[in-house]
1. Taking region 157-166 as the region of interest, how many residues are surrounded by 18 or more Cβ atoms within 10 Å (Cβ to Cβ) and either more than 17 Å from residue 242 (Cβ to Cβ) or in contact with a helix residue (DSSP H, G or I) (Cβ under 6 Å, 6 or more places away or on another chain) (or both)?
2. Among the listed residues 193, 201, identify the single one that is in contact with a helix residue (DSSP H, G or I) (Cβ under 9 Å, 6 or more places away or on another chain) and under 21 Å from residue 150 (Cα atoms).
3. Consider residue 22 carefully, then state whether it is modelled with pLDDT of 80 or more and out of contact with any strand residue (DSSP E or B) (no Cβ under 6 Å at 6 or more places or on another chain).
4. Scanning region 140-156 for residues that are surrounded by 14 or more Cβ atoms within 10 Å (Cβ to Cβ) and without any contact (Cβ under 8 Å) to a residue 40 or more places away in the chain, which turns out nearest to residue 211 (Cα to Cα)?
5. For region 83-127, how many residues are at pLDDT 85 or above, farther than 20 Å from residue 44 by Cα and surrounded by 14 or more Cβ atoms within 10 Å (Cβ to Cβ)?
6. Please go through region 129-139 and give me each residue that is farther than 23 Å from residue 183 by Cβ and surrounded by fewer than 17 Cβ atoms within 10 Å (Cβ to Cβ), ordered by number.
């Protein structure tokens, strides 16, 4: 019998290999189960069932304590909405088509994640992360940047939708996130947020041109629950609305290129 051999057929190296196989299989099982804490159970597009879990089963709920004391449980009961869509055919896998206004309904290119309806908090001090400059008095626009307050906001059709009345900044990243736009008649008398990435700034004309949506469509931009804060879900809804306009703002945009 050679050194290190337990029997004539098994040695330490062989046992180590078997132990590694068992460990690796257990690791795969653990990771595959843990990744089901979010997004499960799945929903069948054909049958509408919402109990598709597969193997391995979902883990037991676990409570996570966040940085600022709030608690999150995963997995948890998810909010489910019935989107305004319908299959374009009677066969499995048929693409869905909107049945209403997709930009408002949040489907297709305008879809958004059902994140928390609470605002994001800065990691260091727990303050609101995204706020208007009227709240974040310790911040200001750089002297090299244009003074955006008072600039006109135009839609893709050149129609004036409103005027910039404030700038919303991200305290954590020290960047501009949104422009607050006061709508003008005949639109509703209210303010909406415009993601800065969807606006093209023109110093000469002192205007912000938005190619994603038409001027009249600013009236349907999702509103905020609170005037001086935006929740995670509201961020996504607003961004989804403007992103959806790239496909749905006009009938021609939804048509194939060829």
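The values are calculated or read from the model by the stated rules, or taken from the named source; none is laboratory data. Keep in mind that what you see is a predicted model, and the values were worked out from it rather than measured. Here Cβ is always computed from backbone atoms with ideal geometry, including for glycine, and neighbour counts include all displayed protein chains.
1. Residues in region 157-166 being surrounded by 18 or more Cβ atoms within 10 Å (Cβ to Cβ) and either more than 17 Å from residue 242 (Cβ to Cβ) or in contact with a helix residue (DSSP H, G or I) (Cβ under 6 Å, 6 or more places away or on another chain) (or both): 3 in total.
2. Of 193, 201, the one residue that is in contact with a helix residue (DSSP H, G or I) (Cβ under 9 Å, 6 or more places away or on another chain) and under 21 Å from residue 150 (Cα atoms) is 193.
3. Values: modelled with pLDDT of 80 or more: yes; out of contact with any strand residue (DSSP E or B) (no Cβ under 6 Å at 6 or more places or on another chain): yes.
Against the criterion (modelled with pLDDT of 80 or more and out of contact with any strand residue (DSSP E or B) (no Cβ under 6 Å at 6 or more places or on another chain)), residue 22 qualifies.
4. For region 140-156, the residue satisfying everything is 149.
5. Qualifying residue count, region 83-127: 7.
6. Hits for region 129-139 are 137, 138, 139.
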